[in-house]
Each structure stands twice: as C-alpha cells, then as structure tokens.
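*Asks:* What follows is a structure written as structure tokens; I'll ask about it next.
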Amino acid sequence: MQKLASDLPEPHRYHTRIYYEDTDVTGLVYHPNYFKFFERARSEFFGPETLRIMQTEEGIGVVVYRAEITFKKGAILGDWLEIQSRPHMQGNYRVVFQQAVYRIETGGSVPASNESINQHSDRVLLVEATIELVCVAEGRPVRAPTWIVNRIQEAQADP
C-alpha cells in the first residue's frame, strides 16, 4: 500500500538561490548542478561537521551508489529554490533519499529569512530524484554508522 503525502513525515528543507554561475547559455540551471543542490541538502540534513568527523576520524565516507532523476522544469537566474529530502534506510548498508526541487513563488520579493520563505506556500515542482548512498571505508561498503541510522529514524518520527 502506497503512503499518502499526508502520512509522510515532514521533509528536511534546504533553501538556495540561483546565481549566474548555476546557469548555462540558455539561462536555465545547468542540469548537473541539481546534483550539487541535492548533495548540499543531504549534507545539511546530517550536518557537515558530523560528516567531516566521520570521514577524518572514522575513515568512513558516503558515496552515491545509484541516482535516478526526472527533470520537469528548469530553474532560472534569481529563482529561490527549496530542496526537500526524505531519507530512509534500505537494509543495513544503503541510505535512500527521495529528493525534490521546488521553485518558491515569491511574487518578485526577496525573502528575508528561511521563515519568510516558508510562508510562501506556492511551490512549483522542478526536479525529482531518488539518490541511493552507501558508506565506504577503504574502498569497501560498510554498515551505515549508528548515528546515521538514528538521525534518519528521528526524521521519520517527526510529526
């Protein structure tokens, strides 16, 4: 049975703006840059400092195992985007993120903060992706550390 959107936990939300460097000659975001946006959102979900400690002190890194992406519309220079992320564990080794990029319709105004961004309810879906990650140490897959599993469980339990 498929879950309804209302049954899912709130997604992690990461906001960014589109700059000239993000676009190509057509004025749209250059398609590989969406992977950067997804990566930044995942890093913010886990915490960049925690990921750095895991890498430098524990010798564990996180790599993309598989990515499936669907482009629906393109973002343009100046757009405000919201990247929504919903992670779950698939077995002991694989972390799966359902991620989506939305354009936030601000009516031309510049949001002062994330709180004011959240007040804008009009969002247009631009890109959807399923990103599968695995943890590796010395080039081999390893079980996801307990703190990653716990962080995902906490996110799934949030009302």
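*Asks:* From the set of residues in segment 83-139 that are at pLDDT below 95 and in contact with a helix residue (DSSP H, G or I) (Cβ under 7 Å, 6 or more places away or on another chain), which is surrounded by the fewest Cβ atoms within 10 Å (Cβ to Cβ)?
*Replies:* Pro111
*Asks:* Taking Ile18 as the residue in question, decide whether it is buried (at least 16 other Cβ atoms within 10 Å of the Cβ), touching a Gly at 6+ places or on another chain (Cβ under 9 Å) and at pLDDT 95 or above. Talk me through it step by step, then tell me what you get.
*Replies:* On the way: buried (at least 16 other Cβ atoms within 10 Å of the Cβ): yes; touching a Gly at 6+ places or on another chain (Cβ under 9 Å): yes; at pLDDT 95 or above: yes.
When the stated conditions are applied, Ile18 passes them.
*Asks:* Further question on the same structure: Exactly one of (1) crowded, with 19+ Cβ neighbours inside 10 Å; (2) at pLDDT 95 or above is unmet by Asp79. Its number?
*Replies:* Status for Asp79: all satisfied but (2).
*Asks:* With Pro48, Pro9 as the choices, which residue is of a type outside the set (Ser, Thr, Tyr) and without any contact (Cβ under 8 Å) to a residue 12 or more places away in the chain?
*Replies:* Numbers: Pro9 fails: without any contact (Cβ under 8 Å) to a residue 12 or more places away in the chain.
Result: Pro48 is the single residue among Pro48, Pro9 that is of a type outside the set (Ser, Thr, Tyr) and without any contact (Cβ under 8 Å) to a residue 12 or more places away in the chain.
*Asks:* Which ranges mark the strands (runs of 3 or more DSSP E) fully within segment 1-99 that have 1 or more residues being within 15 Å of Ile131 (Cβ to Cβ) and among the acidic types (Asp, Glu)?
*Replies:* On the way: elements: 12-17, 61-71, 80-90.
The strands (runs of 3 or more DSSP E) meeting that bar are 61-71.
The values are calculated or read from the model by the stated rules, or taken from the named source; none is laboratory data. Remember, predicted model here, so these are calculated numbers, not experimental data. A quick note on method: Cβ atoms are made from the backbone with ideal geometry, for glycine too, and the neighbour counts reach across all protein chains shown.
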